[in-house]
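The values are calculated or read from the model by the stated rules, or taken from the named source; none is laboratory data. For clarity, every value in this text was computed on a predicted model and none was experimentally measured. Because the Cβ atoms are built from the backbone with ideal geometry, glycine has one as well, and the counts that use them run over all protein chains shown. Calculation scope for accessible area: heavy atoms of the full protein, side chains included, ligands and nucleic acids excluded. Shrake-Rupley method; radii C 1.70, N 1.55, O 1.52, S 1.80 Å.
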Amino acid sequence: QGQNWFDLTQHRLGPGEGTPMHWSRLVDAPIAGLILALTPLIGGAAAEAVSATLWPLLLVLPLVLFVAATARALGGRGGDIVGSILAAALAFTSFKFVPGALDHHNVQLVLLAMTLAGVVLSRERPRLAVLAGFGIAASLATGIEMLSQVAVLALAMACLWLVGGNATRAATLHFAGSLALSLVALFLATAPDAAYGLLHCDAFTLPLALPFLAGAGGLWLSAAGLGGKSRTPRFLGLVAVGALVALTAATVSAACLRDPFAAIDPRLMEHWIARVNEARSIDEALRDNLAAHLPGYVVPLIGLAAALAFAWRGPAADRGLWLTIAALIAVCFALAAYQVRGRFALELASLVPLARLVTLAWRRWRETRSPSSGLAALALLLLSLPMIWTIVLHPLTGQSQAATEGPRGLVHCLSAETFAPLAALPPGLVSAGSNLGPHILRFTPHRVLAAPFHRNQAGLLAQLEIAMAPPATAELLLRAEKVSYVVYCTEDPEYVAMNSDHGAQFFFSLQAGRRFAFLEPIVTPAESPLRLFRLAER
């Protein structure tokens, strides 16, 4: 709607002039392209709906192709078929790829698969290392969630060159050159003005780009100048590159080398982050629903064991690649234990060794035609699918699938029809739970104090203070923020969950049905779970 390409501010979110977001135009552009192409044919609203449906599904194809190519390179004939089955199962059992998932996590999963494919395939075709370099740069340009994973793969390329020497020199040069050029090109093409400073650690900014650029440039120079040397000079060259990266990070990224939650206000940690499902740790997730979460950790551990076994007993030529995959799984496991949202990358990283296991069992059945071999191959395939474990474990643990999915009542509040009465009102600032914020932005012309984005701490805190204040204080806070409307959903878990502890405070009093003189009710349909109020004039 005319907003500048480099302006990533959501101008209707939060107090003041808006909130600078950390999304990426790298993801925005193809979605906008779909909408732009379809609008003349089916109209704007339908184009948005069709694009929201198509985009996540379109990402499944490259995900499957990259996993299949990697599985064939390390598993031989048949590995691509099994890899395709496992990758497709991951995509279609993950909400990251369901229609409507306009998000950057699914894109990053595809880019992680691309990067791993580039590392593995470059052994036979060095030019394909370009895929790994571009995959890392594009992943960083999309978001920082995969920073540790792609850093492992970058380090693996350096180690493969250290061990392989001249045999891996061409692949290393293609990788490092592609990474450096892609970093510069994507930064210039997508980074907003704020990215050129040193303030933000949660997006593609200088503190993130410069250490990777230093590593890529240093690795290219080492491979170019030391390709024909013995292992000792190569090792010393990589030590120098590591020192350069460390010095760069210490100089420009010092503020980012700390707890990522350190910048979050403690009140938001308690009342917001602690209630975000994907931010829970492994022990919290397993206590909540063992059947739903345990398979996502156990199956990758089988993949890790398989990768280590293949590195130990397999061909020496494959050892470095299997160790790379084992290291990737280990890092993914540590991150997924810290926050369960890392599980998707963990499951993806384990697909190739799992595909190799199933392929070996399938070959044995092809050779022997033994029923027991066939059953073993089928059992391995099923055990490689976390969803099969979940199906079996649910009745054993006495937990239902509904418990896995969590509260769903809020869905009833999020349609255009529900927000129609609010959309008809003159534009103003809305005080509402953060879960409603994005949908108010989408379906109405209003501004909102809060939405579930960590960059908007000022708005989130203002909304939290209003919600938890005594009614008289809440009125003063609402008027101080120049709020026009108060909105809540009777089924919003954000407040329902806290109602028992804070029943005397403002938003929870509203939930309980209390009415206040400073709020004028706005008529909504009787069946609507949305409640609207206008702040009365003094």
Using only Cα atoms, what is the ratio of the radius of gyration of the stretch 81-195 to 2.2 N^0.38 Å? 1.15
Accessible area per residue, 1.4 Å probe, Å², for the stretch 1-139: what's the number? 45 Å²
Based on alpha-carbon centroids, what's the gap between the stretch 148-219 and the stretch 37-51 in Å, whole number please? 37 Å
For the stretch 435-440, in order, what is each residue's ³J(HN,Hα) by Karplus, 6.51 cos²θ - 1.76 cosθ + 1.60 with θ = phi - 60°, in whole Hz (x at glycine and Pro)? 5, 7, x, x, 6, 5
At a 1.4 Å probe radius, which order do Lys482, Lys96, Lys229 fall into by accessible area, largest first? Lys482, Lys229, Lys96
Find the Rg to Rh ratio for the stretch 195-257, where Rh is the Kirkwood radius over alpha-carbon pairs and Rg uses the same atoms. 1.10
Relative contact order (percent, whole number), the chain, Cα cutoff 8 Å, 6+ residue spacing: 13 percent
Which of the peptides 195-202, 2-9, 76-83 is most tightly packed, and how do the rest follow, going by the mean number of other Cβ atoms within 10 Å of each residue? 76-83, 195-202, 2-9
Tell me the Kirkwood hydrodynamic radius of the stretch 225-267 in angstroms, computed as one over the mean inverse distance between distinct C-alpha pairs. 13.0 Å
State whether the stretch 234-342 is rounded, prolate or oblate according to the following rule on the C-alpha gyration tensor (a ≥ b ≥ c being the square roots of its eigenvalues): a/c under 1.5 gives rounded; otherwise a/b larger than b/c gives prolate, and the remaining case gives oblate. oblate
So how do 290-299, 266-275 stack up, highest first, on mean other-Cβ count within 10 Å? 290-299, 266-275
Would you mind working out the accessible area per residue for the stretch 196-309, using a 1.4 Å probe, and quoting it in Å²? 50 Å²
Using 5 Å bins from zero, what percent of all Cα-Cα pairs in the stretch 167-302 falls into each bin? 2, 9, 12, 13, 11, 11, 14, 13, 9, 4, 2, 0
If each K or R counts +1 and each D or E counts -1, the residues other than Leu530 whose Cβ falls under 13 Å of its Cβ total -3
Rounded to 10°, Cα long-axis angle of helix 231-252 versus longest principal axis of the chain: 10 degrees
Using 7 Å Cα-to-Cβ label points, what is the Asp28/Ala240 separation (nm, one decimal)? 4.2 nm
Convex hull volume of the stretch 420-499 per residue (C-alpha atoms, cubic angstrom): 94 Å³
Please list 304-313, 146-155, 16-25 highest first by mean number of surrounding beta-carbon atoms within 10 Å per residue. 146-155, 304-313, 16-25
For the chain, calculated [θ]222 nm from helices alone, where every DSSP H run of n ≥ 4 adds -39500 (n - 2.57): -20500 deg cm²/dmol
Could you put Ile144, Ile136 in order of accessible surface area, largest first, with the 1.4 Å probe and the full protein assembly present? Ile144, Ile136
Shape category assigned to the stretch 80-125 from the gyration tensor of Cα positions, a/c cut at 1.5: oblate
One quarter of the convex hull surface, Cα atoms only: what value does that give for the stretch 310-450 in nm²? 14.3 nm²
What list of ³J(HN,Hα) couplings, whole Hz, do you get for the stretch 328-334 from phi and the Karplus terms 6.51, -1.76, 1.60, once you set θ to phi - 60° and write x for glycine and proline? 4, 4, 4, 5, 4, 5, 4
The whole-number value in µm²/s of the Stokes-Einstein translational diffusion coefficient for the stretch 1-149, with Rh from the Kirkwood sum over alpha carbon pairs at 10 °C and 1.306 mPa s, is 93 µm²/s
Projected area, mean over directions - the chain, Cα convex hull, nm²: 27.9 nm²
Largest to smallest principal axis extent of the C-alpha atoms in the stretch 302-353, angstrom: 35, 14, 13
Under the Karplus relation with 6.51, -1.76 and 1.60 and θ = phi - 60°, whole-Hz ³J(HN,Hα) for the stretch 104-118, x at Gly and Pro, equal 9, 5, 5, 4, 5, 5, 4, 5, 5, 4, 4, 5, 4, 4, x
Where Rh is the Kirkwood radius over the Cα pairs of the stretch 2-68, the temperature 20 °C and the viscosity 1.002 mPa s, what D in µm²/s does Stokes-Einstein return? 153 µm²/s
Share, in percent, of DSSP beta bridges within the chain that are antiparallel, nearest 5: 70 percent
